[in-house]
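S.K.: Structure incoming, see below.
Bear in mind these aren't lab numbers, they're just calculated from the coordinates by the rules spelled out. Nothing here was measured: the structure is a model prediction, and the numbers come from that model. Cβ: placed from backbone, ideal geometry, glycine included. Neighbour counts: every protein chain shown.
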Amino acid sequence: MNAPFHEEEALGKIYDRRLMRRLLAYLGPYKLTVVFSLLLVIAASALKLVGPYLTKVAIDDYITQGNVEGLDLVALLYVLALVLQFAISFFQVYLMNKAGQRVMFDMRRGIFAHLQRLQPAFFDKNPVGRLVTRVTTDVDALNELFTSGVVTIFGDIFMLLGIMVVLVYLDWGLALVTFTVLPALFAVTLIFKRRVREVYRKVRTRVAMLNAFIQENIVGMQVVQLFRQEPRKFAQYEDLNRQHQDANLESVFQYALFYPAIEFLGAVAIALILWYGGWQILVGGLTLGGLVAFIQYSEKFFRPISDLSEKFNILQGAMASSERIFKLLDTEVTVASPAFAPGASARQAERGSIRFESVWFAYRNEEWVLEDLDLEVRPGETVAVVGHTGAGKTTLTSLLLRFYDVQRGRVLVDGVDVREWNLQDLRRQFGMVLQDVHLFSGTIASNIRLGDREITDREVAEAAAAVHLDGFVAGLPRGLEEEVKERGSSLSAGQKQLVSFARALVHDPRILILDEATSSVDTHTEILIREALERLLENRTSLVIAHRLSTIQKADRIVVMHKGRVREVGNHQELLARRGIYYRLYQLQYKDQEIAVRNPY
Amino acid sequence: MKELKRLLPYVRRYPRPMIVGMAALVLAKAASVIVPLVLERTVDDLTLGVTVSKLALYGSLIVGIAAVEGFFRFWMRKLLIGVSRFVEFDLRNDFFARLQRMSPSFYQEWRTGDLMSRASNDIGAVRMVLGPGIMYPAETVLITLGAIAFMLAISWELTLVSLAVMPVVSIAVKEFGAVIHKRFETIQEKMSDISALVHENISGMRVVKAYAQEDAQRRKFEQENESYLWSNMGLVKIWGAFYPLLAAIIGLGSAVVLWWGGRMVVRQEITLGQLVAFFAYLEMLTWPMIAFGWVVNIYQRGAASMKRLAAILDAGPEIVDGPDATVSALNGRIEFRGVSFRYTSASGDGGATNGAAEVLSDVDLVIEPGQTVAFVGRTGSGKTTLTRLVPRLYDATEGQVLVDGRDVRTLPLETLRSAVAYVPQESFLFSESIRDNIAFGKPSASDAEVEQAAKRAGLDTDIASFPNGYQTMVGERGITLSGGQRQRATIARAVLIEPPILILDDVLSSVDTETEERILNELSGVLRKRTTLLVSHRISTVKQADLICVLDDGRIVERGNHESLLAEDGLYASLHRKQLLEEELNRI
């Protein structure tokens, strides 16, 4: 939740060649469409030049000559040009959008795929909301760049050049006179661009500061109120707000200056045309229609330039978004399959064994969670791991599935270091039941089956029955096909656990990892869960982070973890007799359960 | 659109820039509609014969008009868009001021992200209504009226013919607008589907990985992605046709003028100059017509955003000042009289999901000034809630909380809260220097006061090791404090203001028992002089308290001092045993 707006602070570039090149690379697969679209843009721009020329022809050849019949043809050509222009523009916009949408589709797919590859450590550090934004809002911000930005700029440039060519063709002398405003035009645009970039940066920084302040105050509002600092915080806020306003007013000022300046230069151009062009008419060097065409062309010339500011906005937004997207895409995948992973068949010898060998692990720096830990689970064995909060139990499961890599030592599955396994193969060996059951949107059945299309409806139903989910499901109007609403809020904690049991059972893993939930459930559900657990643990290697006395007692071995190490190993009676850590844990955590179990009602 | 009405009072605060800006707008537009007339004269003079100096005069006239127009356009933009920035400033202030008045229950209901998006996106959308949303329609109306008036003056016949396409334009805009709106909504829905899927995928990443579901998830995403793509293409088909169609229809007007108007020139019903002017006026009408759809969009978005803002601006704070202004200082006698409490919002605290569950039931308790009272009990037993009622973070559902014999609800919040220093469980620090954080409740505190408070909270040695001592920045732009350091900083913050009532809600959970003992010793001098409410999980913390209350399920089930409670051999005694076991475990 820490300041999602913060990172936007530093970004302020209007144009970044490196980013742009990378963005344009996405257009690669749609090269043909893009090229075709560009050709169409050129055609459309060329057609836009037809109107003024036809006006010239109409005036010079027909209207001033009193030839009414000829006008029909000119008007017809005019309409034809319009229709063509419409058709071409539509087709061009459609094509370019299609390419743009495809690019965004590819980007979203790429980001999502990258997210699937990233290790849990990455997700520990990055809030979900921010990552969702990358896939959604940030990609959408590129829409305009691809659809109106790139192509329109190209079209505009072509049209500007086209107009210049036509002007020179019509009357090079008048064209040169008209072009005398161009240096001023470029100067104004350049100055504007530079100023607007500075102002833009200022605005962005201040928006970020303002938002960070609001965010911090929302989170800490209770403290502000309890210490009655509302007026002081408000004054600080108002100051930031005013700075934000001032930066924006500065930008208003720049724009207010730019538009009229461009318009003014346009008027100067027209004045020059009237004066010099009119003179040429008097001298006989130019026709009246030519003059009118010149005026109309110069109007067309200035429009794209005053639109430039809008293009800046598009570019700025796209640059900021793409920088964030690429930063995510560039995040290194630190936990990945090795280049060559031998097939699972090579490991028939030691099926379903787990071994931790002198494992050292820390989430951060040298704050060791596991210190020189040794632990073995033999094929078919059920091992219960117990320990006080913070003993490092859950970390064991994360290391087995290679959510994280150990700093020292080795974790072996089937006698092979997990780092030498193909990740997907490795994880397929396991069925995992986590403390917090995560349900996906969809039906109960789809949550049991997950994405495995080979699992039949019948197998799902059998698994559900085996973990005693059938009684609950029978009461639902659509049975297993009942929708799971809002991540399972319609299911009780116990029911969710049963669903996750069924999920593990139906995938029939060789090794089961179970992190027992601590949440209390009613006695009836408790009994169902216990029976389901038994069914789940049957005939497979199991590592259970146990919280239930019943589970612990049924295990083949109990491993007691304490402060990142295995301190005691044995069965319930042996360990109790030893009067060590387990004995105390038992009194602290499990003894009450015994009483509760004896008197369930 | 009625949502936008509430913006009127804001705009009314800036009558001068608004009126002057509008006047500038009128003058700028008036100047621009004259230009075609100059063109008309020039062209006509050219056909009849003219001197070069007169041409130069026309040229200077155009430049002169442009200068005047530019001048007014500058002021029009600066003032009218400026007003929208002023109003934005005011709106932001009102928004923040409203947030400052809201009680914790409000913040339980509203997620930070949601509030933030209102503070940024929605205020932005509303501003657009005031800036461009006022300026562009005004321009459109004036230009349209001005241009059409001059066109009519030239020839009503040609005007009618050239504008025959106008109804088609407005029909097109309306029809297209409706379809675009609908397709846009579909896109929004698909977008939120995608967003939900990604959210779910990331929050369930461990399950996804554990069951090697990456490919299955990719397939699922592909479907949503594809459906989003096609709904976007649905809009593109319309959108791609919209502007080219508008341009074509408007261009059709020019073709008609050329064809019909040309004949009129030949028939000498109008002059060639008038025809040229006519073209210029038609050109002027192009942009307003295109902008029309855009402006409609601005208003639609603005209205929706204003509605979302109003939800915050109109939210009434549940907890407001009491009327009794006669008390200025409080001694710190606290009494709970038949207090019951339930969280009203759906997302109630302490794991109560149905919201109706009673967190406190019929609690009676008297705490004398200077007494230290400790509250122990399981998570969710109501300890925290009970202490929250004293500074009125929440109000009791039933019963009364009294300070110095007065119901807290009758006291002004300022009076009440200045008598209470409450240190909540979650230690929150601001991105300021450590000094400013400690002196948060009393910015005028001297260095000596700040240092003393830090010492009492056992933070002084930590601060000495910070890079810039007391000036070290905390948070995003500074150093990251450990959980224990944060807790001690919040204690220092509370101790510094020397309140008659001090509430410490499980504030030493992140420090080890030794540090805890040291801090408690340092604090004992402070605690002795004032009423202290101490919430803790640890027996070691509460042992010394004058009175210990054991809460279970919202009731005080045991009360007494350490020895008497141990003798009672109830919940407290069993908590004590467990804690001894834990301590033993930690020593092993």
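S.K.: Find the centroid of the Cα atoms in the stretch B:385-441 and in the stretch B:262-285, then give the distance between the two in whole Å.
M.R.: Going from one Cα centre to the other spans 78 Å.
S.K.: Can I ask one more? Work out the charge dipole of the protein assembly as shown with +1 on the Cβ of Lys and Arg and -1 on the Cβ of Asp and Glu about the Cα centre, then indicate which of B:GLY262, B:LEU46, B:ILE134 is farthest towards its positive end.
M.R.: B:LEU46
S.K.: Which residues among the stretch B:500-532 fall inside the zone where the amide N is under 17 Å from a point 7 Å beyond the Cα of B:THR461, along Cα→Cβ?
M.R.: In the stretch B:500-532, the label zone of B:THR461 (backbone N under 17 Å from the point 7 Å along Cα→Cβ) covers B:511-523.
S.K.: What 222 nm value per residue comes from the helices of chain B, counting each DSSP H run with n ≥ 4 as -39,500 (n - 2.57) and dividing by all residues, nearest 500 deg cm²/dmol? Mind dumping the intermediate values first?
M.R.: On the way: 23 runs with 365 residues, N = 588.
Per the formula, -20500 deg cm²/dmol.
S.K.: By average Cβ neighbour count within 10 Å, what is the ranking of B:67-78, A:523-534 from highest down? Please list the in-between numbers first.
M.R.: Values: B:67-78: 21.0, A:523-534: 16.7.
Ranked by mean Cβ neighbours within 10 Å, highest first: B:67-78, A:523-534.
S.K.: Would you mind computing, in nm to one decimal, how far apart the modelled labels at B:GLU498 and A:GLU538 are, each placed 7 Å from Cα along Cα→Cβ?
M.R.: According to this spin-label approximation, the distance is 7.4 nm.
S.K.: Report, to the nearest 10°, how far helix B:15-48 tilts away from the longest principal axis of the Cα atoms in chain B, using its own Cα long axis and a range of 0 to 90°.
M.R.: 20 degrees
S.K.: Let me ask another. Assign unit charges at the C-beta atoms only (+1 for Lys and Arg, -1 for Asp and Glu), then state the dipole size of the protein assembly as shown relative to its Cα centre in Debye, rounded to the nearest 20. Walk me through the numbers on the way to the answer.
M.R.: On the way: 131 positive and 134 negative charges, 392 e Å.
I would put it at about 1880 debye.
S.K.: Still on this structure, please answer the following. So what's chain A giving for Rg/Rh, alpha carbon basis, Kirkwood Rh from the mean inverse pair distance?
M.R.: Working: Rg = 36.2 Å, Rh = 30.9 Å.
In chain A, Rg relative to Rh is 1.17.
S.K.: Turning to a different aspect of this structure: Compute the signed sum of charges (Lys and Arg +1, Asp and Glu -1) over the other residues within less than 15 Å, Cβ to Cβ, of B:ARG333.
M.R.: With Lys, Arg at +1 and Asp, Glu at -1, the neighbours total -2.
S.K.: Nearest 0.05, what FRET efficiency do B:VAL11 and B:SER340 give at R0 = 56 Å with Cβ-Cβ as r? Show your work: numbers first, answer last.
M.R.: Values: r = 48 Å, r/R0 = 0.86.
Given R0 = 56 Å and the Cβ-Cβ separation, E is 0.70.
S.K.: If you don't mind, another one. How large is the helix-only mean residue ellipticity at 222 nm for chain A, computed as the sum of -39500 (n - 2.57) over DSSP H runs with n ≥ 4, divided by its residue count, in deg cm²/dmol to the nearest 500? Kindly include the intermediate steps, with their values, before the conclusion.
M.R.: Working: 25 runs with 350 residues, N = 601.
Per the formula, -19000 deg cm²/dmol.
S.K.: Taking 0.36 nm per residue of separation and subtracting the Cα-Cα distance, what length does fully extending A:THR331 through A:GLN243 add? Could you put the intermediate results ahead of the total?
M.R.: Working: separation 88, 0.36 × 88 = 31.68 nm, distance 3.49 nm.
My answer for the length gained is 28.2 nm.
S.K.: Could I ask something else about it? If you take the charge dipole of the protein assembly as shown about its Cα centre, with +1 on Lys and Arg Cβ and -1 on Asp and Glu Cβ, which of B:GLY251, B:ALA374, A:THR525 is farthest toward its positive end?
M.R.: It is B:GLY251, whose Cα lies furthest towards the positive end.
S.K.: If you average the sequence gap of Cα pairs under 8 Å that are 6 or more apart and divide by the length of chain A, what percent do you get for the contact order?
M.R.: Computed over chain A, the figure is 15 percent.
S.K.: Still on this model: Step through the table entries A:LYS591/B:LYS578; A:LYS496/A:LYS591; B:LYS78/B:LYS307; B:LYS442/B:LYS529; A:LYS48/A:LYS193; A:LYS393/B:LYS209, compare each Cα-Cα distance with 23 Å, and write down the pairs that go over it. Numbers along the way, then the final one.
M.R.: Details: A:LYS591/B:LYS578 11 Å; A:LYS496/A:LYS591 26 Å; B:LYS78/B:LYS307 28 Å; B:LYS442/B:LYS529 20 Å; A:LYS48/A:LYS193 27 Å; A:LYS393/B:LYS209 19 Å.
Too far apart for the 23 Å limit: A:LYS496/A:LYS591; B:LYS78/B:LYS307; A:LYS48/A:LYS193.
S.K.: So if I place +1 on the C-beta of Lys and Arg and -1 on the C-beta of Asp and Glu, and nothing else carries charge, what would the dipole magnitude of the stretch A:6-329 be about its Cα centre? I want it in debye, nearest 20. Show your work: numbers first, answer last.
M.R.: On the way: 33 positive and 27 negative charges, 316 e Å.
Rounded to the nearest 20 debye, it is 1520 debye.
S.K.: Among DSSP bridges having both ends in the protein assembly as shown, what percentage is antiparallel? Round to the nearest 5.
M.R.: On the way: 38 of 75 bridges.
Here the antiparallel bridges make up roughly 50 percent for the protein assembly as shown.
S.K.: Could you list B:ILE588, B:ILE238 in order of exposure, starting from the residue whose Cβ has the fewest other Cβ atoms within 10 Å?
M.R.: Details: B:ILE588 11, B:ILE238 17.
Going from sparsest to densest Cβ surroundings: B:ILE588, B:ILE238.
S.K.: Additional query: Measuring from label point to label point, each 7 Å out along Cα→Cβ, what is the A:GLU531 to B:VAL52 span in nm?
M.R.: Distance between the two pseudo-spin positions: 11.1 nm.
S.K.: Here is a further query. Calculate the FRET efficiency for A:ARG408 and B:ILE479 from the Cβ-Cβ distance with a Förster distance of 30 Å, rounded to the nearest 0.05.
M.R.: Working from the Cβ atoms, E equals 0.55.
S.K.: With r as the distance between the Cβ atoms of A:PHE154 and A:GLU420 and R0 = 45 Å, compute the FRET efficiency 1/(1 + (r/R0)^6) and round to 0.05. Intermediate results must be reported in sequence, preceding the final value.
M.R.: Numbers: r = 52 Å, r/R0 = 1.15.
Working from the Cβ atoms, E equals 0.30.
S.K.: Moving to a separate point now. Helix B:52-101 sits at what angle to the longest principal axis of chain B, using alpha carbons and giving 0 to 90 degrees rounded to 10?
M.R.: Helix B:52-101 and the main axis of chain B meet at about 20 degrees.
S.K.: Still on this structure, I have one more. Any idea what angle helix B:214-256 forms with the longest principal axis of chain B, computed on alpha-carbon atoms, 0 to 90 degrees, nearest 10?
M.R.: For helix B:214-256, the angle is close to 30 degrees.
S.K.: Between A:GLN236 and B:LEU145, how many nm apart are label points set 7 Å from Cα along the C-beta direction?
M.R.: 5.0 nm
S.K.: Another question, if that's okay. Calculate the mean, over all residues of peptide B:59-66, of how many other protein chain Cβ atoms lie within 10 angstrom of the residue's Cβ.
M.R.: Values: counts 11, 3, 2, 10, 8, 2, 2, 9.
Partner Cβ neighbours, averaged per residue: 6.
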